[in-house]
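Notes follow the structure.
Any read-out appearing in this document is the output of simple, stated calculations on the displayed coordinates, not a laboratory observation. Remember, it's a predicted structure, so these values are computed and weren't measured experimentally. Virtual Cβ from ideal backbone geometry, glycine too; neighbours counted across all protein chains shown.
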Amino acid sequence: NNLFCEDAINIIKSQGNIENISITNSSSDAVDIDFSHIEINSVFIDNAKNDCFDISSSEVIINYINTKNCGDKSLSVGEIANVKIKDLSILNAGIGIAVKDSSKVTVKDLDIGNADICLGVYRKKQEFGPAYLEIDNYTCESTEENFIQMGSVLKLKKENSK
């Protein structure tokens with residue numbers, strides 16, 4: 001609670017299992033995972049001034065994640081990361097999910113309420129390629145259209161209206 005570090009939790013070059021993460025009031029990113037192989041059961045993040053969850057160059061599996069009040073992105077994935085999420089709930093974010101730079105994200109159930117942009121799938125750094133996002137069940141409420149850069153892929157299996 002009330003963390004004023006660059007990242008409330010920063011996991012680097014690690015592997016293992018985490019049962020629960022709960023963060024409230026982070027002055028920057030809430031969770032940052034780099035170069036790791038991590039499996040997480042549940043995550044709750046409320047009020048991060050920057051990204052709620054940032055993953056780079058990692059393999060991550062998450063069963064349940066709930067984010068609220070993310071200053072920038074709820075979930076930011078980049079630099080050849082591979083992320084699998086069973087259930088993701090987002091409320092109040094600049095961008096719901098951003099998948100970048102040769103990364104792949106699959107989500108079984110996604111519910112986004114009140115985001116500027118729900119989904120962004122793109123190449124940010126020229127040394128990487130396009131990105132891929134696949135969602136089985138998807139509901140979103142946003143003020144702007146999703147951003148899918150040419151060459152990157154967004155695959156929505158079932159889209160529900162909100």
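Table for the structure above
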quantity: Fraction of the pair-distance distribution of region 1-125 above 27 Å, Cα-Cα pairs, percent; calculated: 5
quantity: Mean Cα-pair separation over length for region 1-95, i.e. relative contact order, pairs under 8 Å, 6 or more apart, %; calculated: 23
quantity: Anchor LYS155: aspartates and glutamates whose Cα lies under 12 Å away (excluding residues fewer than 8 positions away in-chain); calculated: GLU134, ASP136
quantity: Where GluC sites (Glu not before Pro) fall in DSSP loop in region 83-149, at most 10 other Cβ within 10 Å; calculated: GLU127, GLU144, GLU145
quantity: Kirkwood Rh and Cα Rg combined as Rg/Rh, region 29-85; calculated: 0.94
quantity: Eligible aspartates and glutamates near LYS125 by straight Cα distance, threshold 18 Å, same-chain separation 8 or greater; calculated: ASP34, ASP54, GLU79, ASP101
quantity: Charge sum, other residues only, whose C-beta stays under 15 Å from GLY16's C-beta, Lys/Arg counted +1 and Asp/Glu -1; calculated: -3
quantity: Segment ASN63-LYS108, length gained on full extension (0.36 nm per residue, minus Cα span); calculated: 15.2 nm
quantity: Square roots of five times the Cα gyration tensor eigenvalues for region 61-150, Å; calculated: 19, 15, 11
quantity: Long-range HN-HN contacts of PHE128 with modeled amide H, under 5 Å; calculated: none
